[in-house]
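Q: Sharing a structure here in structure tokens format.
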Amino acid sequence: MTSLPDRTEKKLGLVIDLDTCVGCHACVVACKGWNTQGYGAPLADLDAYGAEPEGTFLNRVHAYETVPDDGPAAVVHFPKSCLHCDDAPCVTVCPTGASYKRGEDGIVLVNETDCIGCGLCAWACPYGAREMDGKEKVMKKCTLCVDRIYNENLPEEDREPACVRTCPAGARHFGDLADPDSDVSRLVAARDGMDLMPEQGTKPVNQYLPPRPKADRVPSPPPDDGPVDVLAPFLEPVADAPQGFLGWLDRALGAGGR
Amino acid sequence: MHPAPSIIVFTAISGLGFGLLAWLGVGVPDVTGWSAFAFFFIAYALAAGGLMASAFHLGHPERAFKAFSQWRSSWLSREAVLSVATLLAFGPYALALWLFETRLGLLGAVGSLLALATVFSTSMIYASLRAVPRWNHWLVPTLFLLYAISGGALLSGEIYAAALLFLVLAGAQLLYWRTGDKLFHAAGSTAETATGLGFMGKVRQLEPPHTGPNYLLKEMVFVVGRRRAERLRLIALLSGAILPALVLSIVPAGHLAAAVAVLLHVIGLLAARWLFFAEAEHVVGLYYGRR
Amino acid sequence: MGKQPEFDTSPPVSDELRKTTCYMCACRCGINVHLKDGQVSYIEGNRDHPVNRGVLCAKGSAGIMQHLSPARLRAPLRRTGPRGSGEFEEITWEEALETAVRWMKPLRETAPEKLAFFTGRDQSQSFTGWWAQAFGTPNYAAHGGFCSVNMAAAGIYTMGGAFWEFGQPDWERTKLFMIFGVAEDHDSNPIKMGLGRLKERGAKVIGVNPIRSGYNAIADEWVGITPGTDGLFILALVHELMRAGKIDLDYLIRYTNAPFLVNGDAGSPDHGLFLRDENGTPLVRDRGTGKPVPHDAPGVEPDLAQGVRIAGTTHRPVLQLMAERYLDPAYAPEAVAARCGIPADRIRRIAAELARTAFEEEIVIDRPWTDWKGQRHEKMIGRPVSFHAMRGISAHSNGFQTCRALHMLQILLGSVEVPGGFRFKPPYPKPPEAHPRPHCKARPGQPLDGPHLGYPLGPEDLALTEDGRPARIDKAFSWENPLSAHGMMHMVISNAHAGDPYPVDTLFLYMANMAWNSSMSTKRVIEMLTDTDANGDHVIPHIIVSDAYSSEMVAYADLVLPDTTYLERHDCISLLDRPISEADAAADSLRWPVIAPERPGHAGVRGFQSVLLDLGHRLGLPGMVDEEGNPAYADYADYMVRHERRPGIGPLAGWRGDGSAHGRGAPNPAQIERYIENGGFWLAHIPEEAQYFKPWNAAYQDWAVETGLYDSPQPYVFNLYSEPMRRFQLAAEGHGHRQPPDHLRARLSETMDPLPFWYPPFEETAVSEDDFPLHALTQRPMAMYHSWGSQNAWLRQIHGVNPLYVPRKVWDAHGFEEGDWARLTSPHGEITVPVALMEALNGDTVWTWNAIGKRRGAWALDETAREAREGFLLNHLIHELLPPKGDGLRWANSDPVTGQAAWYDLRVRIDKTTPPDDHASRPAVPAQRSPVGRGPRNLAFKGGKA
Ligand SMILES: Nc1nc2c(c(=O)[nH]1)N[C@H]1C(S)=C(S)[C@@H](COP(=O)(O)OP(=O)(O)OC[C@H]3O[C@@H](n4cnc5c(=O)[nH]c(N)nc54)[C@H](O)[C@@H]3O)O[C@H]1N2
Ligand SMILES: Nc1nc2c(c(=O)[nH]1)N[C@H]1C(S)=C(S)[C@@H](COP(=O)(O)OP(=O)(O)OC[C@H]3O[C@@H](n4cnc5c(=O)[nH]c(N)nc54)[C@H](O)[C@@H]3O)O[C@H]1N2
Ligand code: SF4
Ligand code: SF4
Ligand code: SF4
Ligand code: SF4
Ligand code: SF4
Ligand SMILES: [Mo]
């Protein structure tokens, strides 16, 4: 099982919009909640009410600052879970076959009953997408909510990952990235979706949409050009003093400003 | 990477054991009867003991047998298969030497190859990980094999071979450190590639995803102070290779000298292995502002 | 490749699904609670719910861990050790209720004001207020005074509705959205959903905030303003827009008091008031005749430029006064740039963008509507510019005027209640006149003479005693802060401790952690709560607390009434209270016990509202006992169904009468079942033609009357100029019979200005900038709700500790490095805390997450928990009074208009310090005992089984 399928019929995955993610952690907790009661062993929390609470999470949201040479720094909230890589090193290293990539949809899963908890797959993953459960001692990772997306006990519209369903800002999208006509593929194409750490050669399925250019990063035109440029006509003064303003009012109302 | 004692002991001790077996397989030293028993006892104890130690690293050691299944793709699985094959191959060979004072030469040669292949697979577990650039290099298997062969030579009493091999080892080790220090950078993974945000400027962590600790940080983000690393490198080099080589070549041969050399080597080996793990930077650290 | 493992990708999700309302914050999203084996197994958003449409925030999803928290109370508690020790004994409910009655009954019979009943962010204020009114004490309010009353009151006084949760941008149509000083807000999920919609449509978002995180991080443009200066920035925008004539004159004439004529006779008692006819209708100058005519007369063409002269007095239109004020160079971008920390060019560019979007990208919807004068309009015309703001602009001592300034800007652009602009949610719009006035007359054995809270229209509405002193313990509606529409909860403990204006006997607190994160100067408040007089008696004799968890406040109670968790009780989110409506629908909802409250081995917990009804019956309060002396209501559920505020109007608007009536109708015994069948909520769409221009839209007014929101249509105009405020100024100038004390005259004159203006925050002017060069702020973490999230095993892993974020400039100047600690000193105290660098931060500002710090021993956490060691509160540095100014008086650290606590006026200085050996922040409040023991060590539960 540890060999990768030559190709998968679908490439199901997530598209995460960094331009929209507000860093609310809703996806983190929805994932925790769903997967604690769902696929495999519950996600444990050690020292839950103590000094060093340490639980298993399949999705975590980082916060970064980007500091340009000029202009103000920006903050980007950055959710990260398994990217369901096409060339998943976590799968090929697994000695037991517990880790595998599904041929039909490309989802990378751990069969917990086969897992010996050696941790090697977590080492092989560049993204930190796998966590050993502190209590069950088996490897946990994002399942792409495989027990939701095909679940006939759920209404059709709910057959999507818990994190996607819950994201208040709509920053997470789920779909088939092998199908160029899918919504997610279109999004990726339109917004220059990117791979994380392409140099690692993992060929992630999940894609990230970069933040759009920030208006406060647009270099301001030289002062002699006039600062407001194209917008300047909108501030053409009608008056500089109250008296002139009243004159303008008169004219505006008189000229049928109504 | 977190320098877990179980893994350090596993790779170091089992390496020594398989190294010794490799020598014994080609009839060095050419022992039979009880002295053969003694040598094989030591070799098996080291090799198997090391393997046992590795089980402490497993969440589910009771399922360890499943690790034999993926030899087609997984170096860890290959290592498991090969180590068992090695131990099995040496069984009749050792028995024949001990009880029948007979050397089954071909079996021995096969066993030696298996032993070296085992050590090679062990090293490839690490060397195949692109996510740990410091490991992802041919010097890693070279070094593992050298440690095994030189340590094996020492244990098998091949004093001159050992002394010579230790000098080669010292060179390889030095080369690895010098090369290794550049590998992370050379691999090209940065906070900017990790996040794809380089186009917005320099990327720095503002807040970790959780203020609480997690498995990834404990397992894969270990930072050694520079001073400490330098001290340990010195110890590893001196104690692991140079001093044993000196002891072997200067001090007249004898049990005491051998014991001192072995002790020195093992200390150095453990230090080197500790560093092998502790200094290895996993790219996931980039996500945590820890690189 | 071998064979893939087989497993069930279609497992049953749960045994049962129950729909109720989230309570992890005040947003009140709809939730689907999944149950397995009779235990809560999973919580997700309800897709049909108007508030969240299926999404759920981190807190909401973590509700399961809140419900299972080890800090849950299990029985009523009687204090056995000293206050604050956490030493209690469990008692029965009968003992608890009898104790409460023993304390309260004599108060009601002799001096009802000696009961001070204050509630936090609960969602049953119309009920608790009704109870307090029946008891007869004037001393009741909820948390609004320390929260965001500036925002709420400025909105009501200016436009009859506010941001907060009372209105929302037209998310589907707006093209330029500016958000001021918001980290999270009450409208938590809707704002995130709205921002997501804007992003999808490519609309522009501008974030105005000293800190660039969260919403500001995804804004297309960040304005890293210096705290406390938004008013200046906004008025500079107004200056530019007026200068360029980029204001919506048509809108101003039709819908605002811009043309109203203001009396200019400086000597007159009517100076600054509107010129009115004999019916009291304000007059405008008709452009055709030049004569003053009622503003609402048919066919009138109001003038905005010219006034009228009558009997030697000039009466000038409001817009003329505004031109005089805002065209002044003092509000020019250049004049404000340095102070706001925003380059003048940038201010001008933003003004230009507002102008361009509002006037060039006008939205026209083909939807005819008729205004209240009967005039039909073929189209709905909108200006797709919208704004939102919250505590960042309101929690300052100049917050009321700043909020007013922002509303004025919206109105000048003609972007309120129009397509693409800002829209009210029912029961808003509702002008100040349509709200009650505050009542304060306490009479032994009698209910209060009317509702406690309201909107004063002049000095005659203040809550004063005969001799002119504050009638309320919090001094709300007094000369110090006349428009304190939400009361002033943050002043209760210090006033009660000082016996000023009078001592109280019993302090009854519900759902507010007053001994910790909701107090200014936490350590001093703790001292006040424990302080004793010469006889060794507590200065505040009795403290009763209702809480659901072992909070810091519980430890200071003499009697604890344990509440259920939100999944275990009935609650009612009523249109009489804080609405959950949408801009195009009225909605209300309920909670019901989706799981039974069980505390095995203990006396158990009861829903607080039911307990209040029980207490009301035992105290014989009117409305709570029937003719035979039996309880009028069996419990809160019964009250929700049968109580009528006005005939036909009850707490829940849906399925009244025989189940077919909505809004108005007789009580329906099956009402709760109908709500549950419908997913826990009720929703009534506003007809299409009534969805915009609500204050002036005849169809909306009629619909609102039908739905029971109003009793008769009440169209009104927006108050650019606030006449009620001018009435207080007149009093300060010596007019009228109700006169302020002399020491407040100057301040009233200045701050009760009827037109928005800016003044520096009080604390800033009280201290020297050299001594305290930095601003210190807090932000709400999106995944934590105030103090009560830390008991949540999941959420506390996300926010278990809060560093002080320091901008680059300060970081370098002090030579800070990662892992360093700092001493932060304010005029009122100092704290020692860990620091961290943040680049995307206003250079004069430091900040931290709010309410992460915990007292050791509280919340069933281990005493070594990081929240209790490293975590810290900024509250220790904030005082409810300003530093002494040398005039012998201590002025409040509040907004002078509303009394809003000025949390964000805090000034500090920072010094590097050696990290404490114990790695614990200072001050360290000593540990308490936990009345509920400690939580389990490890957790792993599946399918609801803990
Ligand atoms: N997750 C979560 N949600 C909550 C709460 C919670 O505790 N957790 N609490 C609820 C409650 S009670 C309330 S009142 C609301 C409050 O919701 P918010 O108003 O969003 O409250 P704060 O988190 O205090 O955010 C204040 C923001 O104003 C900024 N700010 C401070 N001073 C200034 C200033 O002078 N100018 C400008 N422009 N910005 C400034 C701060 O940087 C901060 O971003 O949230 C509610 N929602
Ligand atoms: N420094 C600083 N301080 C601030 C602020 C700030 O921005 N900065 N913000 C201020 C603002 S806006 C607010 S609103 C306050 C909020 O501060 P608080 O009103 O003190 O809010 P919480 O910490 O949520 O405390 C509410 C209490 O209600 C209890 N509780 C929770 N659920 C239930 C329940 O179901 N039933 C009952 N009976 N009790 C329950 C909790 O256990 C807790 O004790 O903080 C204020 N303090
Ligand atoms: S739920 Fe959505 S907005 Fe919130 S952190 Fe996750 S991806 Fe970002
Ligand atoms: S993200 Fe990591 S765990 Fe997931 S498939 Fe890729 S390598 Fe494997
Ligand atoms: S931890 Fe489990 S899944 Fe990962 S490599 Fe080891 S056996 Fe495979
Ligand atoms: S797809 Fe499912 S398992 Fe994966 S991160 Fe989202 S919620 Fe978690
Ligand atoms: S915003 Fe979150 S916590 Fe608040 S009610 Fe909605 S889901 Fe619950
Ligand atoms: Mo609040």
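The values are calculated or read from the model by the stated rules, or taken from the named source; none is laboratory data. Model, not experiment: these values are computed from the prediction. With ideal geometry, Cβ positions are generated from the backbone for all residues, glycine too; neighbour counts draw on all protein chains shown. The area values use the complete protein model at the heavy-atom level, side chains included, leaving out ligands, DNA and RNA. Shrake-Rupley method; radii C 1.70, N 1.55, O 1.52, S 1.80 Å.
Q: Among the residues of segment C:3-23, which ones have their accessible area go down by 30 Å² or more when all the protein chains sit together, as opposed to their chain alone (1.4 Å probe)?
A: Correct list: C:Q4, C:P5, C:F7, C:T9, C:S10, C:P11, C:V13.
Q: Roughly how far apart, in whole Å, are the Cα centres of segment C:791-830 and segment B:108-183?
A: 47 Å
Q: So, one more: Tell me, how many Å apart are the Cα centres for segment C:3-70 and for segment C:275-330?
A: 58 Å
Q: Let me ask another. Which value in Å does the Kirkwood hydrodynamic radius of segment C:188-277 take, with 1/r averaged over all unlike C-alpha pairs and then inverted?
A: With all distinct Cα pairs of segment C:188-277 included, I get 17.0 Å.
Q: Residue by residue, what Karplus-based ³J(HN,Hα) values in Hz, rounded to whole numbers, does segment C:58-69 have, using 6.51, -1.76 and 1.60 with θ = phi - 60° and x for Gly and Pro?
A: Couplings: 4, 5, x, 5, 8, x, 4, 6, 6, 5, 9, 4 Hz.
Q: A further question follows. Once each part is reduced to its C-alpha centroid, what is the distance from segment C:652-678 to segment A:96-175 in angstrom?
A: Cα centroid to Cα centroid, the span is 44 Å.
Q: Using the Cα atoms of chain B to build a convex hull, what is its mean projected area in square nanometres?
A: 16.8 nm²
Q: What do you get for Rg/Rh over segment B:157-291 if you use C-alpha atoms and the Kirkwood form of Rh?
A: Radius of gyration relative to Kirkwood radius: 1.16.
Q: For C:K523, give me every one of the lysines with a C-alpha distance below 28 angstrom, ignoring sequence neighbours fewer than eight places off in its own chain.
A: Result set, ordered by chain and number: C:K114, C:K475, C:K854, C:K885, C:K912.
Q: Relative to the longest principal axis of the C-alpha atoms of chain C, give the angle of the C-alpha long axis of helix C:188-201, reported between 0 and 90° and rounded to the nearest 10°.
A: Tilt of helix C:188-201: around 50 degrees.
Q: I would also like to ask the following. Ignoring any ligand, DNA or RNA, what whole percent of the accessible area of chain C comes from carbon and sulfur when the probe is 1.4 angstrom?
A: Solvent-exposed carbon and sulfur of chain C make up 48 percent of the total.
Q: So, one more: At 222 nm, what value in deg cm²/dmol follows for chain C if DSSP H runs of at least 4 each add -39500 (n - 2.57) and the sum is divided by all its residues, to the nearest 500?
A: Only helices count here, giving -7000 deg cm²/dmol.
Q: Before I look further, what does the protein assembly as shown give for accessible area per residue, probe 1.4 Å, in whole square angstrom?
A: 32 Å²
Q: Given a 1.4 Å probe and heavy atoms of the protein chains only, how would you sort A:D6, A:D250, A:D19, A:D70, largest accessible area at the top?
A: Descending order: A:D6, A:D70, A:D250, A:D19.
Q: Can you work out the Karplus-derived ³J(HN,Hα) for every residue in segment B:208-225? Use 6.51 cos²θ - 1.76 cosθ + 1.60 with θ = phi - 60°, whole Hz, and x for glycine or proline.
A: 3J(HN,Hα) across segment B:208-225, in whole Hz: x, x, 10, 6, x, x, 8, 4, 4, 5, 5, 7, 10, 10, 10, 10, 9, x.
Q: Could you name the lysines in cross-link range of C:K379, using Cα to Cα under 17 Å and dropping any fewer than eight places away on the same chain?
A: C:K694
Q: Please give the average number of partner chain Cβ atoms lying within 10 Å of the Cβ of each residue in C:296-304, rounded to a whole number.
A: Mean partner shielding for this stretch: 1.
Q: Something else now. Percentage of Cα-Cα pair distances in chain A greater than 27 Å, rounded to whole percent?
A: So the portion of pairs separated by more than 27 Å is 49 percent.
Q: Once B and A are treated as a pair rather than alone, how much accessible area drops out, both sides summed, in Å² to 100, probe 1.4 Å?
A: 4800 Å²
Q: Label 7 Å along Cα→Cβ of C:R808; segment C:213-245 residues with amide nitrogen under 20 Å?
A: C:213-214, C:216-227, by backbone N distance to the label point.
Q: Per-residue mean of other chain beta-carbon atoms within 10 angstrom of the beta-carbon, peptide A:144-151?
A: Per-residue shielding by partner chains comes out at 3.
Q: For a bin width of 10 Å, list the pair-distance distribution of segment C:641-784 built from all Cα-Cα distances, rounded to whole %.
A: Whole-percent P(r) values from 0 Å outward: 9, 20, 17, 21, 21, 11, 1.
Q: In the neighborhood of A:G244, defined by Cβ-to-Cβ distances under 14 Å, what is the net charge if each Lys or Arg adds +1 and each Asp or Glu adds -1?
A: -3
Q: Over the alpha-carbon set of the protein assembly as shown, work out the extent along each principal axis and list the three values in angstrom, largest first.
A: 133, 80, 65
Q: Can I ask one more? Compute the whole-percent fraction of alpha carbon pairs in segment A:1-110 spaced more than 20 Å apart.
A: More than 20 Å apart: 58 percent of the Cα pairs in segment A:1-110.
Q: Also, quick follow-up: At a 10 angstrom cut-off on C-beta neighbours, averaged per residue, how do the peptides C:367-373, C:411-417, C:627-633, A:98-104 rank from highest to lowest?
A: C:411-417, A:98-104, C:367-373, C:627-633
Q: Also, I was wondering about something else. For C:R201 paired with C:E706, estimate the spin-label separation in nm (one decimal), with each label point 7 Å from Cα along the Cα-to-Cβ line.
A: Here the answer is 2.7 nm between the modelled labels.
Q: Further question on the same structure: Could you list which residues have their amide H under 5 Å from that of C:R423, counting only those 5 or more apart in sequence or on another chain, with H placed in the peptide plane?
A: Correct list: C:Q168, C:D170, C:E417.
Q: Going by amide H atoms built from the backbone, whose H comes under 5 Å of the H on C:I310, apart from near neighbours?
A: C:H315
Q: Within the P(r) computed for segment C:198-342, what percentage of the Cα pairs occupies the region above 27 Å?
A: Above the 27 Å cut-off, segment C:198-342 has 42 percent of its Cα pairs.
Q: Helix by helix, which DSSP H runs in chain B go 27 Å or more along their axis at the Cα atoms and have an average Kyte-Doolittle hydropathy of 0.5 or more?
A: Counting only whole DSSP H runs, the qualifying helices are B:5-25, B:33-55, B:75-100, B:105-127, B:159-187, B:255-278.
Q: Okay, next question. Quick one: Karplus J couplings for segment C:137-150, per residue in order, coefficients 6.51, -1.76, 1.60, θ = phi - 60°, nearest Hz, x for Gly and Pro?
A: 7, x, 9, 9, 6, 9, 7, x, x, 9, 9, 8, 4, 4
Q: Further question: Please provide three numbers in whole Å: the alpha-carbon extents of chain C along the principal axes, with the largest listed first.
A: Per principal axis, max minus min of the Cα coordinates gives 84, 83, 72 Å.
Q: Using only protein heavy atoms and a 1.4 Å probe, report how much of C:C25 is accessible, in Å² to the nearest 10.
A: 20 Å²
Q: List the pair-distance distribution P(r) of segment B:1-128, using every Cα-Cα distance, as the percent of pairs falling in each 10 Å bin from 0 up to the bin containing the longest distance, rounded to whole percents.
A: Whole-percent P(r) values from 0 Å outward: 14, 44, 29, 12, 1.
Q: A further question on this structure: I'd like the interface area for chains A and C: accessible area of each alone minus the complex, both sides summed, 1.4 Å probe, protein heavy atoms only. What is it in Å² to the nearest 100?
A: Chain pair A/C: roughly 8200 Å² of buried accessible area.
Q: Any idea what the relative contact order of chain B is, in percent, if you count C-alpha pairs under 8 Å spaced at least 6 apart?
A: In percent, rounded to a whole number, it is 24.
Q: Kindly sort C:E172, C:E240 by accessible area of their heavy atoms, largest first, with the probe set to 1.4 Å.
A: In descending accessible area the options line up as C:E172, C:E240.
Q: Can you give me the % of accessible surface on segment B:82-155 that is carbon or sulfur? Probe 1.4 Å, all protein chains present, nothing else counted.
A: Carbon-and-sulfur percentage of accessible area, whole number: 77.
Q: Counting only protein heavy atoms and a 1.4 Å probe, tell me what percentage of segment A:12-216's accessible area is made up of carbon and sulfur.
A: 49 percent
Q: Sticking with this one: Pairs A:K10/C:K3; A:K11/C:K36; A:K135/C:K59; A:K80/C:K425; A:K10/A:K214: which are spaced more than 28 Å apart, C-alpha to C-alpha?
A: From A:K10/C:K3; A:K11/C:K36; A:K135/C:K59; A:K80/C:K425; A:K10/A:K214, over 28 Å: A:K11/C:K36; A:K80/C:K425; A:K10/A:K214.
Q: Further question on the same structure: Quick one: which residues, 5+ away or cross-chain, put their amide H under 5 Å from the amide H of C:K19? H built at 1.01 Å from N.
A: C:V33
Q: Across the residues of A:87-96, average count of Cβ atoms on other protein chains within 10 Å?
A: For this peptide, the per-residue mean of nearby foreign Cβ atoms is 6.
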